[in-house]
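The next block holds one structure in the form of structure tokens; read it before the comments.
The values are calculated or read from the model by the stated rules, or taken from the named source; none is laboratory data. As the structure is a prediction and not an experimental result, all values here were calculated from the model. Note that each Cβ is placed from the backbone with ideal geometry, even for glycine, and that neighbours are counted across all protein chains shown. Ligands, DNA and RNA are stripped out before the accessible areas are found, and what is left, the full protein with its side chains, is counted by its heavy atoms. Shrake-Rupley method; radii C 1.70, N 1.55, O 1.52, S 1.80 Å.
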Amino acid sequence: MAGNRIPVEMRGREVTYHGVRSRVGCIVDLRERKDAENRIRHLAQHDALTSLANRALFNEKLAALTRTGGPAGGKTALLLIDLDRFKNINDIHGHPAGDRVIQVSAKRLAELAPETSLPSRLGGDEFAILMPGLAFAAQAADLAFRIVSTLILPITLDDGTQVRVGASVGVSVAENQSSELERLVSRADTALYQAKHMGRNTYCLYEPGMDAQLEKRREIETDLAEALERGEFDLHFQPRISIAARRVVSYEALVRWRHPKKGLISPADFIPIAEQNGKIIAIGEWILREACLRVRSELGGARVSVNVSPVQFRQRNFVEAVEAAIVDTGIDPSMLELEITEGILIDDDKRAHRILTELKRLGVTVALDDFGTGYSSLGYLGRFPVDTIKIDRSFVRDMAKSDTAMAIVRAIAGLGSGLGMTIVAEGVETMEEARLLAHIGCREFQGFLFGRPTPVAAIPGIDHEAIASTLEECLAPALEEAA
Ligand code: C2E
Ligand code: CA
Ligand code: CA
């Protein structure tokens, strides 16, 4: 064929033919052999399921780049990509479904990856894109953003079910020189870890200092493993005041971690880590039992409200765990309220509905915590058997100076009370706030104005008369108005 080169091999040797020594030669067409070799090389360097480069090829290219330092003056980016809920897909829908999700995700990655880059499957649900020849770091961030937005799109399985996985992406960018390129992987890894902890389905760019942050986090994680056995947790209780009853009607149990070296660690710092590594299940059960024990003896007849992490709620035997805590401690179930967040209802609304119904059957009540911060959709409120709405502190704080915050609180209070729910305002710090909140229909208050979270030993010292008179003072102008 004109213009095409054919790989050949020349062979020759001397032979004696009819007593005459002569040389014969032949030309061997190597096309078939080369094809086979190429196929074998491709197989050795690519992943069978997705046809992307495999870890061996990725490592080889990265090592070569690091050795040479890459083209001077340019940059190289590495994106590490991890599918978010992949294990669930395998567990719930089976391995063929898992394979399909990997294939579709790989195809999407290959389409997004620039021509000069190397999209690879490193194993399982881990992918990478090596991007040499970068002019600006922003190009890598832009690709990461597009990956996150694309991988969350639904994937249709063979049986027609649609699933969404989403991805976390860690990005690192290095100047083209060996000493920098060497750190590309560990930095992208750090950024990926960070992205996962930022709530998944997101990307994160490596920044200096991130390693130290991560180190701190890992330390907490290690210590957390033993904290429960060592008895380092404590519950504090914050009073909730009812306008109608003019007194403390319940307490919210708030966990505290007394770290032997680091002192008191805030739940905001360790609960997310405990959720990540699953420790929240055991810690949450301890909290529930401890709260039930306290309601029996120390809370003076008031109820107790316990925060439930979405991870606990999703546990298969969550309802049984609640029931066991009630039965074992012998409390009246109506003394217990569980605080859940809106996200639980959105994640899997059928299951959430079923669990909530079972909890109601046990006799406990349910509060929607931090209301307004999540999906802020009032539409679904009436569909779930929820007793209480806790309006998030941020609205209470902004209400006095922002008409929007005020309008939101008014709408939540109006709709919630219309549905027969108790409206609680969180984080009430001033009389002015309490006055406004009472005016627009909040029935209960919680906040520093009435009392901070208190250790059990200090509960008998709570000044209930002072609380009642603070409340009277807040309500007085409203009463005058009404008169
Ligand atoms: P949350 O459920 O919204 O709890 C209320 C938080 O607001 C508490 O912070 C409380 O101390 C604080 N707070 C109460 N009144 C005021 C106020 O007037 N002003 C201000 N500025 N803050 C106020 P805390 O105890 O640090 O807890 C933080 C978060 O950690 C909680 O937010 C909750 O999401 C989580 N948490 C706490 N205890 C537990 C628990 O036992 N289990 C689970 N799963 N999460 C918990
Ligand atoms: Ca709460
Ligand atoms: Ca809250």
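Whether a residue is assigned to a helix (DSSP H, G or I) and of a type outside the set (Phe, Trp, Tyr) was assessed, and Lys216 passes this test. The C-beta contact set for the stretch 333-359 (first residue under 27 Å from Gln238 (Cα atoms) and not assigned by TED's automatic domain parsing to the domain that holds Ile412, second residue of a type outside the set (A, V, I, L, M) and open to solvent by 50 Å² or more (accessible area, probe 1.4 Å), distance under 6 angstrom, 6+ apart or interchain) is empty. Checked against (1) part of a loop (DSSP other than H, G, I, E, B); (2) open to solvent by 70 Å² or more (accessible area, probe 1.4 Å); (3) touching a residue at least 60 places away in the same chain (Cβ under 8 Å); (4) within 30 Å of Ala63 (Cα to Cα), Asn201 passes all but condition (2). Within the stretch 241-254, if we keep just the residues that are among the charged types (D, E, K, R) and over 30 Å from the mean Cα position of the chain (by Cα), the residue that is nearest to ligand 3 (Cβ to nearest atom) turns out to be Arg247.
Identify the residue in the stretch 174-186 that is without any contact (Cβ under 8 Å) to a residue 60 or more places away in the chain and not in a loop (DSSP other than H, G, I, E, B) and, among all such residues, is surrounded by the most Cβ atoms within 10 Å (Cβ to Cβ). Top of the filtered list is Glu180. Evaluated against (1) outside the structural domain of Gly94 (by TED's automatic domain parsing); (2) open to solvent by less than 40 Å² (accessible area, probe 1.4 Å), Gly231 falls short on exactly one condition, (2). Considered as a group, the residues in the stretch 253-273 that are among the hydrophobic types (A, V, I, L, M, F, W, C) and more than 16 Å from ligand 2 (Cβ to nearest atom) include one that is surrounded by the fewest Cβ atoms within 10 Å (Cβ to Cβ), and that residue is Leu264. Residues in the stretch 395-412 that are part of a helix (DSSP H, G or I) and surrounded by fewer than 15 Cβ atoms within 10 Å (Cβ to Cβ): Asp403, Thr404, Ala407, Ala411.
If the condition is being in a helix (DSSP H, G or I) and open to solvent by 30 Å² or more (accessible area, probe 1.4 Å), then the stretch 457-467 contributes Ala457, Ala458, Pro460, Gly461, His464, Glu465, Ala466.
Please work out if Thr373 is over 26 Å from Ala325 (Cβ atoms), in the same structural domain as Glu433 (by TED's automatic domain parsing), part of a helix (DSSP H, G or I) and among the β-branched types (Val, Ile, Thr).
no
Considering (1) more than 16 Å from ligand 1 (Cβ to nearest atom); (2) within 16 Å of the chain's Cα centre (by Cα); (3) not polar (S, T, N, Q), the lone condition that Glu342 does not fulfil carries the number (1). Just the residues that are touching a residue at least 24 places away in the same chain (Cβ under 8 Å) and open to solvent by 40 Å² or more (accessible area, probe 1.4 Å), please, taken from the stretch 437-448. Within the stretch 437-448, His439, Arg443 meet the criteria. For the stretch 371-393, the set of residues classified as at pLDDT below 90 and within 14 Å of ligand 2 (Cβ to nearest atom) consists of Phe371, Gly372, Thr373, Gly374, listed by residue number.
If we keep just the residues of the stretch 203-234 that are of a type in the set (Phe, Trp, Tyr) and within 22 Å of the chain's Cα centre (by Cα), which is nearest to Leu83 (Cα to Cα)? Here the answer is Tyr203.
Residues that are open to solvent by less than 10 Å² (accessible area, probe 1.4 Å) and of a type in the set (A, V, I, L, M) within the stretch 349-394 comprise Ala352, Ile355, Leu356, Leu359, Val364, Val366, Ala367, Leu368, Leu381, Ile389, Ile391, listed in sequence order.
Of the residues making up the stretch 87-101, none is without any contact (Cβ under 8 Å) to a residue 60 or more places away in the chain, touching a helix residue (DSSP H, G or I) at 6+ places or on another chain (Cβ under 6 Å) and among the charged types (D, E, K, R). Gln213 meets all of the listed conditions (1) in the same structural domain as Phe445 (by TED's automatic domain parsing); (2) surrounded by fewer than 18 Cβ atoms within 10 Å (Cβ to Cβ) but one, namely (1).
Of all residues in the stretch 414-434, one or more are open to solvent by less than 10 Å² (accessible area, probe 1.4 Å), within 13 Å of ligand 1 (Cβ to nearest atom), at pLDDT 90 or above and in a loop (DSSP other than H, G, I, E, B). Identification of strands (runs of 3 or more DSSP E) wholly contained in the stretch 43-161 with 2 or more residues that are at pLDDT below 95 and open to solvent by 50 Å² or more (accessible area, probe 1.4 Å) yields no element.
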